[in-house]
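This report refers to the structure that appears directly beneath it.
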């Protein structure tokens, strides 16, 4: 038995993802589709395989060169796409006198190919087409004797579109076993569609046999939605088996969770008494480091360091799916808003600060900046572009509709940016350390949403925590907690408490600018009104920063902020 895998398609329904990766190399469960199909053919007793290629053919060839299969696997490049029929004809010199298998490279199935081949050997007809009931593609008409009557879309007088009498309407799986005589019906050196070839054969009195497997799964992966659906169906059980040793193959229910500012999708997967969280970052759009890559790499690093982050049980960076520990629904904002005693609030914050120091120092040890998808470190350029300019463009101009340009305040912004680094305690910086990114489960604290992490000042994360507009801590409590952190950090790092607090003040300003830019963008551009309600609190916090003694060094910014309230 020999086989042809059809892999020359452009994958247009999967753009832009196929701009950098050919569809046959899309992974499912961590393995490329092409590899899954080759291994399936190996197991079925196939003696050699040829693969037709066109789009990004060099990537397919590079992948195959790295593999070790028990049978020969070769490629045949088509400089011009020849179609499914043309590919079969173009491999004429590859075939012998035996029936051969042709299979599409964009399907995911557990259909037993050995059984299909044996079925074909049991009759004397030139072709066996494997069919399944898949409503969207049910356009193959099959008679009571399981012979194919026609293909609905191409008939001048189409047969009924629904099952009537003894006629069944099924979908072609893209799996077929053919006798070499089919080559006589395919024109040489030209484009040819195999379905047109089959119609011609039927019109000439040839019979095409249908094979309908029992108890099987089959999915077409031709669109992003179908691809992601298939990956979830394949990987979610694997994640449960890793997370829960006693897990059995049970039904998994998926419930969408409400997200915050991110475009990612969040889901809770529930099977019996067990549950996981699934983060959907979307299919990879470029080959460079993505948000999903950073989420996975940083999450694994922090967890391996023994830091309080959710454990990642399974991940697929290409599909953007990450399955992780379910930490429940209670975040730190909820806990604080339900805490009435000021002393209890301070105590809870001190517990978070203790862990924040560990996150910075321990997380910074061995941190690989290649994991980051934005910038490797917190830099002056980042402050100017992603915080200061973000504030002027997204908040002042975009949200408030004020004709205020970044250039008019650039000199003062540059001073603030430079001061945010002086006396920093450098380590792992979470970058969005606010109360809604801190979960509380069974009294334990966990940090989430660490994908924007990089190296930078601990003071920035402390500022994010303490000026967090979702909570709105009074300035007196903030000052007490800054002093507490300075005292705690001085025991493990050589730094003066006053210098620590000075760096904190400037990090508070830059963080505040980022918050207002984000709230303006999310409210005006993304239509997420939830964030608008916290703009006033963020503005008050920013004004407080410029009322401190050295606020006089920023007269233009101070005047601007004063006039916004």
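The values are calculated or read from the model by the stated rules, or taken from the named source; none is laboratory data. Please read all numbers here as calculations on a predicted model, not as lab measurements. Here the Cβ positions follow ideal geometry from the backbone for every residue, glycine too, while neighbour counts run over all protein chains shown.
Is it the case that residue 350 is within 16 Å of residue 453 (Cβ to Cβ), touching a residue at least 24 places away in the same chain (Cβ under 8 Å) and part of a helix (DSSP H, G or I)? No; evaluated as a whole, the condition is false for this residue. Run down 64, 82, 14, 56 and say which single residue is touching a strand residue (DSSP E or B) at 6+ places or on another chain (Cβ under 7 Å) and surrounded by 17 or more Cβ atoms within 10 Å (Cβ to Cβ). So the residue among 64, 82, 14, 56 that is touching a strand residue (DSSP E or B) at 6+ places or on another chain (Cβ under 7 Å) and surrounded by 17 or more Cβ atoms within 10 Å (Cβ to Cβ) is 64. Of the set (1) within 19 Å of residue 224 (Cβ to Cβ); (2) not in a loop (DSSP other than H, G, I, E, B), all apply to residue 9 but (2).
Look at (1) surrounded by fewer than 19 Cβ atoms within 10 Å (Cβ to Cβ); (2) modelled with pLDDT under 95 and you find that residue 195 fails only one, number (2). Please enumerate the residues belonging to segment 12-29 that are touching a residue at least 40 places away in the same chain (Cβ under 8 Å) and either within 17 Å of the chain's Cα centre (by Cα) or part of a strand (DSSP E or B) (or both). Correct list: 14, 16, 17, 20, 21, 23, 26, 27, 28, 29. In a residue-by-residue description of segment 30-45, the property of being touching a residue at least 40 places away in the same chain (Cβ under 8 Å) and assigned to a strand (DSSP E or B) applies to no position. As for segment 273-290, it holds at least one residue that is over 14 Å from residue 319 (Cα atoms), modelled with pLDDT of 95 or more, buried (at least 19 other Cβ atoms within 10 Å of the Cβ) and in contact with a helix residue (DSSP H, G or I) (Cβ under 8 Å, 6 or more places away or on another chain). Only one entry in 363, 328 is part of a helix (DSSP H, G or I) and under 30 Å from residue 241 (Cα atoms), namely 363. Before we move on, is residue 504 outside the structural domain of residue 320 (by TED's automatic domain parsing), under 21 Å from residue 358 (Cβ atoms), buried (at least 18 other Cβ atoms within 10 Å of the Cβ) and touching a helix residue (DSSP H, G or I) at 6+ places or on another chain (Cβ under 8 Å)? Taking the combined requirement at face value, the residue satisfies it. If you go through segment 462-478 and keep only what is surrounded by 23 or more Cβ atoms within 10 Å (Cβ to Cβ) and out of contact with any helix residue (DSSP H, G or I) (no Cβ under 6 Å at 6 or more places or on another chain), you end up with just 465. Look at (1) under 35 Å from the mean Cα position of the chain (by Cα); (2) free of Cβ contacts under 8 Å to residues at least 12 places away in the same chain; (3) in the same structural domain as residue 131 (by TED's automatic domain parsing) and you find that residue 213 fails only one, number (2).
Would you confirm whether any residue within segment 75-88 is under 18 Å from residue 174 (Cα atoms) and either outside the structural domain of residue 179 (by TED's automatic domain parsing) or modelled with pLDDT under 95 (or both)? No. The residues listed here are 318, 295, 314; of these, the one that is at negative phi and in a strand (DSSP E or B) is 314. Considering only residues that are modelled with pLDDT under 95 and at positive phi, which ones fall in segment 402-436? Within segment 402-436, 423 is the sole residue that qualifies.
Return yes or no: is residue 283 part of a helix (DSSP H, G or I) and touching a residue at least 24 places away in the same chain (Cβ under 8 Å)? Here the answer is no, as residue 283 does not meet what is asked. At least 3 residues being surrounded by fewer than 16 Cβ atoms within 10 Å (Cβ to Cβ) and at pLDDT 95 or above is the threshold, and among the strands (runs of 3 or more DSSP E) wholly inside segment 217-272 those reaching it are 253-257.
Hey, any hits in segment 438-445 for a residue that's over 22 Å from residue 387 (Cα atoms) and either assigned by TED's automatic domain parsing to the domain that holds residue 311 or under 24 Å from the mean Cα position of the chain (by Cα) (or both)?
Restricting attention to segment 438-445, the residues satisfying the condition of being over 22 Å from residue 387 (Cα atoms) are 438-445.
Next, only the ones that are either assigned by TED's automatic domain parsing to the domain that holds residue 311 or under 24 Å from the mean Cα position of the chain (by Cα) (or both) stay: 438-439.
Yes: segment 438-445 contains one or more residues that are over 22 Å from residue 387 (Cα atoms) and either assigned by TED's automatic domain parsing to the domain that holds residue 311 or under 24 Å from the mean Cα position of the chain (by Cα) (or both).
Annotation: of all residues in segment 90-108 being touching a residue at least 12 places away in the same chain (Cβ under 8 Å) and more than 28 Å from residue 134 (Cβ to Cβ), the one that is surrounded by the most Cβ atoms within 10 Å (Cβ to Cβ) is 90. How about segment 289-310: which of its residues are farther than 17 Å from residue 30 by Cβ and without any contact (Cβ under 8 Å) to a residue 40 or more places away in the chain? If the condition is that a residue be farther than 17 Å from residue 30 by Cβ and without any contact (Cβ under 8 Å) to a residue 40 or more places away in the chain, then 303, 304 are the ones that fit.
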